Structures are given as structure tokens and as C-alpha cells.
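Note sheet for the following structure.
Bear in mind that the values in this text are calculations on the coordinates, not laboratory data. If you're wondering where the values come from, they're calculated on a predicted model, not measured in any experiment. With ideal geometry, Cβ positions are generated from the backbone for all residues, glycine too; neighbour counts draw on all protein chains shown.
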Amino acid sequence: MQIYHDFNEIPKSIEPAFVTIGNFDGVHKGHRLLFERAVSKARTAKGRSGAITFDPHPFKVLRPDGIKLISTAEQKVELIRQTGIDFLLVLPFTRELAATPAGEFVDLILAALRMKELVVGYDYAFGRGREGDIHFLKNQGEEKGFSVTVIEALHVEQMLVSSTRIRELVGEGRMRDVAKLMGRPYQIRGEVKVGEKRGGAEIGFPTANLHISSEDLCPKHGVYVVQVTYGGHCYGGVINIGKNPTFDRGGDPTIMAETHIFDFNQDIYGQPIKINLLRYLRGEKKFSGIKELAAQIADDVSQAKEVLEDAKKELLLACEDSYNH
């Protein structure tokens, strides 16, 4: 997949382009229908399939306090690459771009691409004041010589597949439902931080710690069964997400993701890891001391291993997906 960051970077080609456009936060099952349509039509017509997206997400510019993202820009590119799209145009989103009239934006696309078909979701709109809605696009297509395909809403088990709904489910800790809408487990990733080092020395369960910033989408606080990818291998584990109320942190507001990785004893401070959240086990709570906390973690570990054993086949596929990209 070729990646461009400006219309002018795209080489001129006589091949017709079948293009989809969107924010694609989370690259969920609904988004993948758009990519599948563009790829299928391009292959049939011996053309190119392409996607146009934005970085940062438009809401981060227009409503900076109003949204937490499901996926990082890096994750989004990784996931789009898996769809078979030929090229991805990642446009820097600014207030100037937001003020561009929808018709002018269509002309920019047509000037850079020999667009044959535009594939959009049922609720997509772009341009100044979101004037580039479905009705507008179809009129533009008739006038300027491209077709518009609208992909209707997708429901899974009576749940609407949308980025908004997925964010709500993550906040509720409903990771099995999240996976149904995304087609894969919800993932957090980052570099392992040095913590208080109580996990191994005092409690008997060493942990790899990540920080969840106030800008990140934070799952419901509590303990989850997880799958950890590091160095091309996958491991089971349990994670506690929250503020670790058992120990006095002096008012530190940092949200910690503390993961005990099964059958693992490597020093990975400063190393990147990926963590798939599979199932919510219980809420975070304050324990009377280390002995009570250690007993509860031992019970969490036992439950987690049962979950991982029951889901072995599905987890193998998720693991392969995590370390291959």
C-alpha cells in the first residue's frame, strides 16, 4: 500500500481510481465494507483502490475535548493496509481544510485521481458545514462523471456498528461486544514504564506498566483477561486498569495499565508491547493490604487462564494478526 500525505504527491496515472473516504477510527466491520467495495470494483475494472482519511481526526481540531479515539494513527494505517487497498492518502486536517467548500474538495480529488467511483458510509459528510452529504455527492457525480456508492448501516446482534458505539462499549468494559463490532479485540499499546516495582518483590505478581493519558480512550477501570504481544510472541495475562487504590500514590492522577504476563520473565522496560483486552473480570477495588491483594490476583489469574483456554482458537488468530503488523 502506497501512503501519501498531499494530493500533489500522488503520481498521475491512467488507471481509474475507486476511492473511499472517511475518518475510519477503529477500522471496524462497517469501515471494512467500504474498503472491500473499493478493492473489489478496482480489481474488476483493472483500476486502483484508494482511501482518503485525515490526521489528526477532525474532531481533535474542531472539538478537542469532545472525543477519545479508538485507534492511534499508526494503528489505523496498519489496519487499512490489511484490507488490500492500493493507496492511502492521509491528509493533514486543519481548520483551513475544514473551511474548504465541499465542491472544491471534490475537485481536488478529481484533479489528483482519475476517480471512477466514490464509496461512502450512509452517514458521511465532509466540507464546510458538512455540506458534502450523500445527496450533494450524487449530484456532483452526475455532473462530473463519477458514481457514488453508499454502504448502508451494519448491525451485529442488533448493535449498530459505529465508532461512537464502540467507544461507549469500551467505556463500559464490554470487550466481547467490542470485538464483535470491530472484528478483533480492542487493543492498547505503548512502552513499558518503570513503576513502584511492588508487583514482583512484594506481591508475587510482577507487572509490565503502561500509562493511559487523559487524551486516550480509557476502558472501564478494573481487571481484564488480556493477550500480550511482545517480540513476535503472544502471552496470556491479566491487567488492572485504574489508579491502584490499595497503595497511596500521593494524589497522582495517572491512570495505570498494570499487566501480569503469564510464563514471562524478561526485562522489557522501555520496550513496546501490544495488549488485547478480551474480557472484563471485575471492578477495581481497594484491598486491606498486600496479602488480600495477592490472594485476589491469584484468583484473577486462575479465571483468566480458564478464559484463555476456552478461547484458544480465536486467540491464535488475533495473536498472529497482532505480531504480523
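Before moving on, here are some points about what is shown:
- In the stretch 82-152, the GluC sites (Glu not before Pro) that fall in loop regions by DSSP, at most 15 other Cβ within 10 Å: Glu131, Glu152
- Distances between placed amide hydrogens fall under 5 Å for Arg282 paired with Val223, all partners being 5 or more residues away or on another chain.
- Note on the chain: helix-only mean residue ellipticity at 222 nm, from DSSP H runs of 4+ residues weighted -39500 (n - 2.57) and normalised by residue number, equals -10000 deg cm²/dmol.
- In degrees, nearest ten, helix 312-323 long axis to first principal axis of the chain (Cα): 60
- Extension gain, Asn8 to Lys193: 0.36 nm times the residue separation minus the Cα-Cα distance gives 62.5 nm.
- Cα-based Kirkwood hydrodynamic radius, the chain, one decimal, Å: 21.5
- Share antiparallel - DSSP beta bridges, the chain, percent rounded to 5: 60
- Placing +1 on the Cβ of every Lys and Arg and -1 on the Cβ of every Asp and Glu, with nothing else charged, gives the stretch 92-201 a dipole about its Cα centre of roughly 680 debye.
- Integer Hz, Karplus 6.51/-1.76/1.60 couplings in order for the stretch 12-26, x for Gly and Pro: 5, 8, 8, 6, x, 10, 10, 10, 10, 9, x, 7, 6, 5, x
- Remark on Tyr186: its backbone amide H falls under 5 Å from those of Ala179, Leu277, a criterion applied only to residues 5 or more positions apart or on other chains, H modelled at 1.01 Å from N.
- Based on Cα contacts under 8 Å between residues 6+ apart, the stretch 73-145 shows a relative contact order of 29 percent.
- Fraction of antiparallel bridges per DSSP, the stretch 96-186 only, in percent to nearest 5: 40
- Size of electric dipole in the chain: Cβ of Lys, Arg +1 and of Asp, Glu -1, about Cα centre, debye, nearest 20: 380
- Here the stretch 1-155 is treated as a Stokes sphere of Kirkwood radius computed over C-alpha pairs; at 20 °C and 1.002 mPa s its diffusion coefficient rounds to 137 µm²/s.
- The relative contact order of the chain, computed from alpha carbon pairs under 8 Å that lie at least 6 residues apart in sequence, is 16 percent.
- Per-residue ³J(HN,Hα) for the stretch 167-179, Karplus 6.51 cos²θ - 1.76 cosθ + 1.60, θ = phi - 60°, Hz, x for Gly and Pro: 4, 4, 5, 4, x, 9, x, 8, 5, 5, 5, 4, 4
- Rounded to whole Hz, the Karplus (6.51, -1.76, 1.60) HN-Hα couplings of the stretch 143-151, x for glycine and proline: 6, 10, x, 9, 8, 10, 10, 10, 8
- Each residue of the stretch 76-119 gets 101 Å³ once the volume of the Cα convex hull is shared out per residue.
- For the stretch 128-178, the alpha carbon positions stretch 47, 25, 13 Å along the principal axes, listed from largest to smallest.
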